Amino acid sequence: MDIVSFVSQKGGVGKSSLARLLAVHAARKGLKVMIADFDLEQLSCVEWSAQRMRNGIEPEMDVRPFKSLKKLRKLESDFDLVVVDTRGLADQLTEEISEESDWVFLPTGTSMDDLRPTLALARKLGRTPRLSNKIQLILSRIGRSGKQLSDARIIINEAGFSALSEIWPHRDGFLSEFDAGRAGSEAANPHLRAAAELLEAEMFSQSIQPPKKPA
Ligand SMILES: Nc1ncnc2c1ncn2[C@@H]1O[C@H](COP(=O)(O)OP(=O)(O)OP(=O)(O)O)[C@@H](O)[C@H]1O
Ligand SMILES: [Mg+2]
């Protein structure tokens, strides 16, 4: 079982939306996927999956609330992939989840207000030896300014980290799709869909271990 987590030091950066995007993509690829929702205050992913079910959107996604890692570890053999959505504020549990993860994504905006806490968290998590090369930033909820984006990439690289080459563009059109229980890749608008598909493919290829071929 692979565990891929979405964590951040700040709220509202796109963790839940990106967790859902990756999970739906992996499910379409035939993996047995669960989203583990550790954000018990909001349960954004749990609520989203209920809405998805009400609207009869396929594939149906298995999304469950979790309070501790212990319960998650027990499901080791039941899933190929667990996508973990964490709380807005990175706490002790977020760190523990990250340490157990095979890959950690940190969504971030391009402003210094976003980059500073994100890079601080990346450094903190990176001190765990097995995580040091499994932390990746995702430039998330990005507007139309190419300059802001390229400046942010420079800052990230200078800090010794990397961001995915694809970004998560901020588009108002996504909101009604999310509200209806869809992932970005399931948007009716082909431009939105195309942007989501580029990102989900890169998230998937970076984070998910290819199945081992028999020797
Ligand atoms: N690409 C996008 N375009 C427009 N709005 C977006 C996009 N991605 C996310 N949003 C919206 O931004 C808000 C925050 O996104 P999301 O809930 O995914 O972030 P989060 O990091 O999980 O937040 P929290 O820390 O509160 O759990 C939500 O209202 C969501 O619908
Ligand atoms: Mg969330």
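Please treat every number below as a calculation from the coordinates, not as lab data. Given the structure is predicted, the values throughout are model-derived calculations rather than measurements. In this analysis, Cβ positions are derived from the backbone assuming ideal geometry, glycine residues included, and neighbour counts consider all displayed protein chains.
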**OP:** Using a/c under 1.5 as the rounded threshold, could you call region 152-196 rounded, prolate or oblate? The axes a ≥ b ≥ c are square roots of the C-alpha gyration tensor eigenvalues, and prolate needs a/b larger than b/c, oblate otherwise.
**Re:** prolate
**OP:** Can you tell me how much longer the chain between H191 and Q51 gets when fully stretched, taken as 0.36 nm per residue apart minus their C-alpha distance, in nm with one decimal?
**Re:** 48.0 nm
**OP:** Among G12, N157, P107, flag the residue with its Cα farthest along the positive direction of the charge dipole of the chain, charges on Cβ as +1 for Lys/Arg and -1 for Asp/Glu.
**Re:** N157
**OP:** Using a cut-off of 12 Å between beta-carbons, work out the net charge of the residues near V63 (Lys and Arg +1, Asp and Glu -1, V63 not included).
**Re:** -3
Subject >> Phi to ³J(HN,Hα) by Karplus 6.51 cos²θ - 1.76 cosθ + 1.60 over region 20-32, Hz, x for Gly, Pro >> reply: 5, 4, 5, 5, 5, 4, 5, 5, 5, 7, x, 7, 7
Original post:
What ranking do 47-57, 6-16 get when scored by the average of other Cβ atoms within 10 Å per residue, highest first?
Top reply: 6-16, 47-57
**OP:** Mind scanning K15/K67; K32/K71; K15/K71; K10/K124 and naming the pairs with a C-alpha gap bigger than 20 Å?
**Re:** K15/K71
Subject >> Farthest toward positive dipole pole in the chain [+1 Lys/Arg, -1 Asp/Glu at C-beta], among S98, T128, G146 >> reply: T128
Subject >> Derived scalar couplings ³J(HN,Hα) [region 194-200; Karplus, 6.51 cos²θ - 1.76 cosθ + 1.60; whole Hz; x for Gly, Pro] >> reply: 4, 4, 5, 5, 4, 5, 4
Original post:
Counting each DSSP H run of 4 or more residues in the chain as -39500 (n - 2.57), what helix-only mean residue ellipticity at 222 nm follows after dividing by all residues, to the nearest 500 deg cm²/dmol?
Top reply: -13000 deg cm²/dmol
**OP:** Can you tell me the dipole magnitude for region 2-207 around its Cα centre, using point charges on the Cβ only (Lys, Arg +1; Asp, Glu -1), in Debye to the nearest 20?
**Re:** 260
**OP:** Among the trypsin sites (Lys or Arg not before Pro) in region 120-215, which ones are in a DSSP loop with at most 10 other Cβ atoms within 10 Å of the Cβ? Mind listing them?
**Re:** R127, R144, K212
Original post:
How far apart, in nm, are two points set 7 Å out from the Cα along the Cα-to-Cβ line at I154 and at E96?
Top reply: 4.2
Original post:
Ordered by residue, what ³J(HN,Hα) values in Hz, to whole numbers, does region 109-118 give under the Karplus form 6.51 cos²θ - 1.76 cosθ + 1.60, where θ = phi - 60° and Gly and Pro are x?
Top reply: x, 8, 6, 5, 4, 8, 5, 4, x, 5
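How would you classify region 2-207 from its alpha-carbon gyration tensor, with a ≥ b ≥ c the square roots of the eigenvalues: rounded for a/c under 1.5, else prolate if a/b is greater than b/c, otherwise oblate?
oblate
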